[in-house]
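Visitor: Pasting in a structure now, in structure tokens, and then I'll have a few things to ask.
The values are calculated or read from the model by the stated rules, or taken from the named source; none is laboratory data. Values in this document were obtained by computation on a predicted structure and should not be read as measured data. Here the Cβ positions follow ideal geometry from the backbone for every residue, glycine too, while neighbour counts run over all protein chains shown. Just so you know, the surface numbers come from the protein's heavy atoms only, side chains and all, with ligands and any DNA or RNA stripped out. Shrake-Rupley method; radii C 1.70, N 1.55, O 1.52, S 1.80 Å.
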Amino acid sequence: MQRFTLTNKDNVPILLNFIAQKLQLSKKKAKQLLDHRRVFVNNKRVWIASYQLKERDSIEIHTEEVRSSLFQKNAILFQDKHYLIVAKPAHIITNGQESLEDELRVYFQDNHIQAAHRLDKDTSGAIIFAMNRDAFEQMKTMFKKNLIKKVYRVIVRGGISKKTFTLDTPIHGQKAVTHVKLLKIGKGASYLEVSTETGRTHQIRIHLASSGHSVIGEMEYDRKPIEHPLMRQITRQMLHAYQLSFEHPYTRKMVLVTAPLPADFNQCLTLLGIRELVPIKSE
């Protein structure tokens, strides 16, 4: 991480140019830092290349490179001839080029493997892959009927006083319901368990941001300055798909898997003092 303050000697008030000059980078490389949401101005995340800096502005640039974790066999949470459930690492997309789906096809030497749903690139946790076309269609139908129960773990900004609450603000005009349970609170942060009745895009992130408790590391829906220096160092949203459960469409047996919290998630809990339970007042 590097920090600068704009002075009257600087003649590059445009943020993109300022980054390129100070770090001796090409504008293309400087733009990548902005695109990856790695730049803060006065503790507020900024990604507009043409942003106009002012004298005494504080510019903080996080230059460490984030690399995708490769799939490993110990990430398998469930496997039979129909489905494969794995713990997806952060910083890798679900499907498409250079995706987890691609890695699984190479690892198992099977091009029929197909993601049955998606997690955001920077969301970690349990995700289901179908081993054949019929299994994919069966799972697709189950998701449409909300027959897959998903539970997430998330770390958010600010202290929350309620033990449980529900967020139901519509998203893009569609019904959206998110249930929240408080697990622990720390210094300026809270650790939550979240489940959803509906599956709108970015639903958890949008609902929590609208409640005033954005997901830590959130780079799209959090517009507030981040005063806590440790929070500015988080390279992805602290959202983890913790548990999946459903009735297997072929065997009719219940499947329940839990994806262990990844190292960066545990580290964030520790840094923010959430390891020790703070007494929570009853509603």
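Visitor: Assuming Ser211 fulfils every condition listed in (1) of a type outside the set (D, E, K, R); (2) within 29 Å of Ala116 (Cβ to Cβ); (3) at pLDDT 85 or above apart from one, which condition is it?
Guide: (2)
Visitor: Quick check on Ile160: is it in contact with a strand residue (DSSP E or B) (Cβ under 8 Å, 6 or more places away or on another chain), in a loop (DSSP other than H, G, I, E, B) and of a type in the set (A, V, I, L, M, F, W, C)?
Guide: On the way: in contact with a strand residue (DSSP E or B) (Cβ under 8 Å, 6 or more places away or on another chain): yes; in a loop (DSSP other than H, G, I, E, B): yes; of a type in the set (A, V, I, L, M, F, W, C): yes.
Considered against the rule, which asks whether it is in contact with a strand residue (DSSP E or B) (Cβ under 8 Å, 6 or more places away or on another chain), in a loop (DSSP other than H, G, I, E, B) and of a type in the set (A, V, I, L, M, F, W, C), Ile160 comes out as yes.
Visitor: Among the residues of segment 123-132, is there at least one that is in a strand (DSSP E or B) and open to solvent by 20 Å² or more (accessible area, probe 1.4 Å)? Before you say what the answer is, go through the steps one by one.
Guide: Of segment 123-132, the ones in a strand (DSSP E or B) are 124-130.
Still in the list and also open to solvent by 20 Å² or more (accessible area, probe 1.4 Å): none.
No: zero hits.
Visitor: With segment 185-283 as the region, which strands (runs of 3 or more DSSP E) entirely inside it contain at least 1 residues that are buried (at least 21 other Cβ atoms within 10 Å of the Cβ)? Walk me through it before giving the result.
Guide: Working: elements: 189-196, 239-247, 254-258.
Per the criteria, 189-196, 239-247.
Visitor: Inside segment 118-166, can you point out the residues that are at pLDDT 95 or above and among the hydroxyl-bearing types (Ser, Thr, Tyr)?
Guide: Within segment 118-166, Thr123, Ser124, Thr141, Tyr152, Thr164, Thr166 meet the criteria.
Visitor: Scan (1) open to solvent by 60 Å² or more (accessible area, probe 1.4 Å); (2) assigned to a strand (DSSP E or B) for the single condition Leu182 breaks and write down its number.
Guide: If we test Leu182 against (1) open to solvent by 60 Å² or more (accessible area, probe 1.4 Å); (2) assigned to a strand (DSSP E or B), just (1) comes out false.
Visitor: Is segment 141-149 home to any residue that is of a type in the set (A, V, I, L, M) and buried (at least 19 other Cβ atoms within 10 Å of the Cβ)?
Guide: Within segment 141-149 (the criterion being of a type in the set (A, V, I, L, M) and buried (at least 19 other Cβ atoms within 10 Å of the Cβ)), the answer is no, since none of the residues qualifies.
Visitor: Mind checking which strands (runs of 3 or more DSSP E) fall wholly inside segment 2-67 and carry at least 1 residues that are surrounded by fewer than 12 Cβ atoms within 10 Å (Cβ to Cβ)? Even if it seems obvious, please write down each step before you answer.
Guide: On the way: elements: 2-5, 39-41, 58-61.
Strands (runs of 3 or more DSSP E) meeting the threshold: 2-5.
Visitor: May I ask you to say which residue of Leu53, Leu16, Leu33 is of a type in the set (A, V, I, L, M) and farther than 19 Å from Arg223 by Cα?
Guide: Details: Leu53 fails: farther than 19 Å from Arg223 by Cα; Leu33 fails: farther than 19 Å from Arg223 by Cα.
Residue meeting the stated conditions: Leu16.
Visitor: Another question about this same structure. Tell me which of these Asp110 doesn't satisfy, since it passes every other one: (1) out of contact with any Lys or Arg (no Cβ under 9 Å at 6 or more places or on another chain); (2) part of a loop (DSSP other than H, G, I, E, B); (3) open to solvent by 80 Å² or more (accessible area, probe 1.4 Å).
Guide: Every listed condition holds for Asp110 apart from (3).
Visitor: Still on this structure, I have one more. Quick check on my filter: what residues within segment 74-95 are out of contact with any helix residue (DSSP H, G or I) (no Cβ under 8 Å at 6 or more places or on another chain) and farther than 19 Å from Lys150 by Cα?
Guide: Our first condition is that a residue be out of contact with any helix residue (DSSP H, G or I) (no Cβ under 8 Å at 6 or more places or on another chain); within segment 74-95, this holds for 74-81, 85, 91.
The answer is Asn74, Asp80, Lys81, His91.
Visitor: For the condition open to solvent by less than 60 Å² (accessible area, probe 1.4 Å) and part of a strand (DSSP E or B), what is the one hit in Leu77, Leu119?
Guide: Numbers: Leu119 fails: part of a strand (DSSP E or B).
So the residue among Leu77, Leu119 that is open to solvent by less than 60 Å² (accessible area, probe 1.4 Å) and part of a strand (DSSP E or B) is Leu77.
Visitor: Continuing with this model, one more query. Taking the options Thr63, Thr94, Thr7, name whichever one is within 17 Å of Thr235 (Cβ to Cβ) and of a type in the set (Ser, Thr, Tyr). Give the derivation first.
Guide: Values: Thr94 fails: within 17 Å of Thr235 (Cβ to Cβ); Thr7 fails: within 17 Å of Thr235 (Cβ to Cβ).
Result of the check over Thr63, Thr94, Thr7: Thr63.
Conditions (1) open to solvent by less than 70 Å² (accessible area, probe 1.4 Å); (2) in contact (Cβ under 8 Å) with a residue 24 or more places away in the chain; (3) in contact with a Phe, Trp or Tyr (Cβ under 8 Å, 6 or more places away or on another chain), marked per residue:
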| site | (1), (2), (3) |
| --- | --- |
| Val151 | yes, yes, yes |
| Ile155 | yes, yes, yes |
| Asp168 | no, no, no |
| Thr178 | yes, yes, no |
